[in-house]
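Below is one structure, written out as structure tokens, with a few remarks after it.
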Amino acid sequence: MISVIICTYNRSDLLSIAIKSVLLQTYKDIELIIIDDASTDDTGILIGSLTDERIKYYKNNINLGISKSRNLGISMARGEYIAMLDSDDYWLDNNKLQKQLNIFNQDSRVGLVGTGIICFNEKGIKIKEDIFKTQDNSIRKKILFKNQFAQSSVLFKKEVFNLVAGYDESLVVCEDFDLWLKIGRNFRLANIGEPLVAYLIHNEGISKKNKYKIAIVTNQIINKYKKDYPGYFKAKLKSILRIFLSLWSI
């Protein structure tokens, strides 16, 4: 029923926690597809030590990047639903998947369901908690101004993913934000108003290394979807300000 996709690159020290959080889910009809994007650490040894038959491990011959690796993993998936999890994050609630499935079962028009998150630093100290808008109408009003879905929280239908042509492989950042907006063009959006995912903020994270690039791409995405969602001008002003502020960090 559910295919969980973890893409990883040289994160063997964190990967085991992510895997464990998947295997402990009360909803058991899952497969876990791990795409190793040509890691040079002992990721393969770690996976080889695991005996759960639901785990499927694939290693890329060359580093493909996150968008291509995610699309590759989903193309291999047999599940009706796809759950995404980054290898440095993990799920906090063993009932996460079941709670999300309940929303799909209640409304067939829903194409994407996320959850709230708790952000931690590398020392395991809680930094903040993000609870996003939960209802479709509220999400639409806010999403251009602030992304309302955390990558490691989402569950979506595979047929929906295929319909919108998946992650845009031309984007090196913000490919997830673009995907949510594509899905929202044709399907309803929902979030669970609970922090069911632990999100790691670390010093080597992409958001710290590429602030300017993220600001530029976010601005492009906002322009792309300005006719599909409300609040364009407010989001545009924030985006321009973000670009100017990011220039100081270059």
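Here are a few things to note about the model shown:
- Here, P(r) means the percent of Cα pairs in each 5 Å bin from 0 to the largest distance; for segment 1-62 it is 4, 18, 33, 25, 13, 5, 1, 0.
- Among L23, L155, L196: highest mean-square fluctuation, GNM of the chain, C-alpha pairs under 10 Å: L23
- Just checking the listed ones, S170, S67, S21: in the Gaussian network model of the chain with Cα springs under 10 Å, the one fluctuating most is S170.
- Loop sites in segment 159-242: GluC sites (Glu not before Pro), DSSP, at most 14 other Cβ within 10 Å: E204
- Packing-based order for 79-88, 238-247, using average beta carbon neighbours within 10 Å, highest first: 79-88, 238-247
- Counting only protein heavy atoms and a 1.4 Å probe, the chain has 49 square angstrom of accessible area per residue.
- The equivalent ellipsoid that matches the C-alpha gyration tensor of segment 109-234 spans semi-axes of 23, 18, 14 angstrom, in descending order.
- Contact order for segment 95-239, expressed relative to its length and based on alpha carbon pairs under 8 Å spaced 6+ residues apart, stands at 35 percent.
- At 1.306 mPa s and 10 °C, Stokes diffusion of the chain via Kirkwood alpha-carbon radius, µm² per second: 86
- Burial ranking of peptide ranges 46-58, 181-193 (average Cβ count within 10 Å, highest at the top): 181-193, 46-58
- The DSSP beta bridges internal to the chain are antiparallel in roughly 30% of cases.
- For the chain, relative contact order (Cα pairs under 8 Å, six or more residues apart, normalised by length) works out to 22 percent.
- Two-decimal log10 I(q)/I(0) for segment 74-146, as the Debye equation yields it once each C-alpha is a single scatterer, q = 0.27 Å⁻¹: -1.36
- Mean ellipticity per residue at 222 nm, deg cm²/dmol - from DSSP H runs of n ≥ 4 across the chain, formula -39500 (n - 2.57): -11500 deg cm²/dmol
The values are calculated or read from the model by the stated rules, or taken from the named source; none is laboratory data. Everything numeric here is computed off the predicted structure, so don't read it as measured data. Because the Cβ atoms are built from the backbone with ideal geometry, glycine has one as well, and the counts that use them run over all protein chains shown. All accessible areas refer to the heavy atoms of the entire protein, side chains included, with ligands and DNA or RNA removed. Shrake-Rupley method; radii C 1.70, N 1.55, O 1.52, S 1.80 Å.
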